[in-house]
Amino acid sequence: MSGAFPISTAKFQSLGIKSIQNTIISKSQSGKKLVRQIDNQRFAFSVRVITAKRSDVYGELMAFIMKQRSSKENFTIIPPEIEDARGTETGTVLVNGVHAVGDTTIAMDAFAGDGAGRFKAGDFLKFASHNKVYMVVADATSSSNASTVTIEPPLITALADDSVVTYDNVAFTVHLTNDIQEFGVVGADKDGALLYQFEFDVEETL
């Protein structure tokens, strides 16, 4: 692991979110669709960093990217806007019971309150001791401080009872996907200082 992003003042100007799931599709002579998925789902991001001077942002940013040694190292990234859940939950939510690889309905308890929308569809979740991030795919309603939450993709690692569920400031563990990283000068400010721009692509590390 080699650090966390964003660093210092290297803020995002734009962010593209991708879901990658390699799927093989074929058809029988009768026209029936045959489907097989050959690996685990993972998220990926395309990021553009704000245009700024080397002294303000890009010196530190260049050093951070160099530390990644192309795609060799992993780092964490907390994407803006989507890092916090849209739901109303504020407590320390726990997994209720054990859950096996492949499960998509996860029993949880210790919600701070009851009612609809504790988690909302599209919220991201991460479980203690897991690198993988999951998405809530249906609004969660709690009763007696408990709820069953539907997620995708299916669990790739079993869950232990009372595992803590992170739903705000969810950090994705990622790696760079390109061997060449280019920092471009796109102009200058009113004092003649060069302004840099940088775009990069990352993919979730499982």
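FYI, it's all coordinate maths here, none of it is from the lab. Computed from a predicted model, the values in this text were never measured in an experiment. Every residue, glycine as well, gets a Cβ built from its backbone with ideal geometry; the counts of neighbours run over all protein chains shown.
Adding -39500 (n - 2.57) for every DSSP H run of four residues or longer, then dividing by how many residues the chain holds, sets the calculated 222 nm ellipticity at -1000 deg cm²/dmol. Of the residues Ala160, Ala112, Ser28, the one whose Cα sits farthest toward the positive end of the charge dipole of the chain, with +1 on the Cβ of Lys and Arg and -1 on the Cβ of Asp and Glu, is Ser28.
Just checking the listed ones, Ile17, Ile82, Ile38: in the Gaussian network model of the chain with Cα springs under 10 Å, the one fluctuating most is Ile38.
Summing Cβ point charges (Lys, Arg +1; Asp, Glu -1) relative to the Cα centre of the chain gives a dipole of roughly 720 debye.
In this structure, the pairs whose alpha-carbon distance is over 21 Å, taken from Lys72/Lys132; Lys18/Lys132; Lys33/Lys132; Lys18/Lys67, are Lys33/Lys132; Lys18/Lys67. Mean-square fluctuations from a GNM of the chain, with a 10 angstrom spring cutoff on Cα atoms, peak among Thr141, Thr23, Thr104 at Thr23. Going from the residue with the fewest nearby Cβ atoms within 10 Å to the one with the most, Ile65, Ile20 rank Ile20, Ile65.
Between Gln29 and Met62, the modelled labels are 6.4 nm apart [label points 7 Å from Cα along Cα→Cβ].
With 0.36 nm allotted per residue and the present C-alpha distance subtracted, the Glu83-Ala158 stretch has 24.6 nm of extension available. Shape call for segment 159-206 from the C-alpha gyration tensor, a ≥ b ≥ c root eigenvalues: rounded (a/c under 1.5), prolate (a/b greater than b/c) or oblate? It is oblate, given that a/c is not under 1.5 and a/b is not larger than b/c. For a modelled paramagnetic label at Val185, 7 Å from Cα along Cα-to-Cβ, the residues of segment 60-82 in reach, with backbone nitrogen under 20 Å, are 60-63. Here the dipole of segment 85-165 is about 240 debye; that uses its Cα centre as origin and unit charges on the Cβ of Lys and Arg (positive) and Asp and Glu (negative).
From least to most packed, judged by other beta carbons within 10 angstrom and beginning with the fewest, Ile50, Ile180 follow the order Ile180, Ile50. Springs between Cα atoms under 10 Å define the GNM used for the chain, and in it the highest mean-square fluctuation of Val185, Val149, Val35 occurs at Val35.
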